[in-house]
1. Using 0.36 nm times the number of residues separating Tyr231 and Val325, minus their current alpha carbon distance, what extension gain do you get?
2. Considering just Cα atoms, how many Å³ per residue does the convex hull of segment 2-83 enclose?
3. Which ³J(HN,Hα) values, rounded to whole Hz and listed in residue order, are derived for segment 225-231 from phi using the Karplus coefficients 6.51, -1.76 and 1.60 in 6.51 cos²θ - 1.76 cosθ + 1.60 with θ = phi - 60°, glycine and proline given as x?
4. Using Cα atoms only, what is the angle between the long axis of helix 125-137 and the major principal axis of the chain, expressed in degrees (0 to 90) to the nearest 10?
5. Considering amide H positions built from the backbone, and no H for Pro or chain starts, which residues 5 or more places from Val84, or on another chain, come under 5 Å of its amide H?
6. Using mean Cβ contacts within 10 Å as the protection proxy, how do 285-292, 266-273 order, highest first?
7. At 0.36 nm per residue, minus the direct Cα-Cα distance, what do Met1 and Lys67 gain on full extension? Give it in nm, one decimal, please.
8. Please identify which residues in segment 120-158 have an amide N closer than 19 Å to a label point set 7 Å out from the Cα of Val187, following the Cα→Cβ vector.
Amino acid sequence: MSKILLVYTGGTIGMVKNPETGALETFNFDELLSNIPELKLLEHDISTVSFDDPVDSSDMDITDYVKLAELIEINFEDYDGFVVLHGSDTMSYSASMISFMFENLKKPIIFTGSQLPIGDLRTDAKENLITSIQLAGLKEQGETVIKEVGLYFEYKLYRANRTTKVNAEHFEAFASSNFPPIAESGVNLKISYDKLIKPNLRKKMIVHKLLNDNILILKLFPGINYKTLRYIFNIPHLEGIVLETFGSGNAKTDPWFMELLKSVIDRGVKVVNVTQCVGGSVIMGKYATSAGLKNLGVISGGDITTEAAVGKMMYLLSKKLGPKVFKTIFETSLRGEMN
Ligand code: ASP
C-alpha cells in the first residue's frame, strides 16, 4: 500500500456546467471524489489537497508554480507519490516547470486531467485519474518505481517535460514526439524500465522556487518584419527569448535580422533556438540559414519542446549565470528533457 497525495489545481477534471450559462466552472474538490466511488477500491491510501482558488490552467503563472511546488514539498516526506490534477491546456508547461524545480526527485509527481468533466457520462477523467494513482503508487521490492515528473493521459505515461498538447478535442490530447512513453496502460501496466530516470539516491532533493518570467516565446514566420521585431527585441526588462525557428533551427539571413539578434544578445538577453516542428531537433550549422545564429551565440535547444524550454529558461535565469555557463547548462539535459 502506498500513500498518495492528490493535489487539485483546477481544470476540466473538476468542473461542472453552469446550468444557466452553459459555461464550465470549477467546483468544490470534495465533490470530485464523491464522483468517483471507484477510488475506494484502490489499494492505496489517498489524501487530497486543493488550491484555495482552483484555476483554469490558462491562468497559471510563476506564483502558482511556486504554490504547487510548496504544497508538494511540505508533504513530501509523508507520501510515496503525488498526483497533480491540472487543466490540460497548459499542463505541459506546468509539469515541465515542476520537473526543473525539483532537483534529485526520488518520488513520482504525475500530472493528469481530462477533456471532459468528471461528472460527464463519457468522461475520460476516471481512467486518467485512477491509472495515475496506480502509477504514482507503484512499488517493486518496497521501492518506488517512478522517480520523475510524469504526465498521464489516455493510456500513456510520458516524461512530462517531453510533452505538448496537440489536440483540443481528442482524448489523446498529448504527444511526446522525441521520447517514447515511459509506461502504457493496457490489460496490464507496461513500464519501460530502460526509459525511466534513475536519480542518484544519495543526493539530497533541492526545490528551486526562484523563477524569472522576464521572457517571451517568439515564433518566426515568413514575412516577419523589422518594425515589429525592433520593438520586441527592445523590451527593456526582457532577459530571455525562446526563438521558435523553422525546421532544424533555421531563420532569416537578412542583415537587419542578424543585427537585431546580435544587439539583443550583446545586451545580455539569452536566446534559445527551438524548432517549430512537433518532432526532431535543432542542428545549428546544418544549413547556412542557421550557421549565422550559431556564430552569434544563440543557444541550441536541441530536441527540447517549447514548453520545457520556457520552464528551463525561467529556472536558469533566476540563477544569474554568465552567458557562457548559461549556454553550457542550457545545452545539457538536466531532467531528461533533451537527448
Ligand atoms: N481550460 C481547461 C484548463 O486547461 C481545459 C482542461 O482542463 O483540459 O484548465
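1. Value of the extension gain: 31.0 nm.
2. Cα convex hull per residue, to the nearest whole number: 92 Å³.
3. Taking θ as phi minus 60°, the curve returns 10, 4, 4, 5, 5, 4, 5 Hz for segment 225-231.
4. 90 degrees
5. Amide H neighbours of Val84: Val7, Ile110, Phe111, Thr112.
6. 266-273, 285-292
7. 21.0 nm
8. Label zone hits: 155-156.
Read-outs: derived from the displayed coordinates by stated rules, not from any lab. Note that this is a predicted model, so its numbers are computed, not measured. Here the Cβ is made from the backbone with ideal geometry for all residues, glycine too, and neighbour counts use every protein chain on show.
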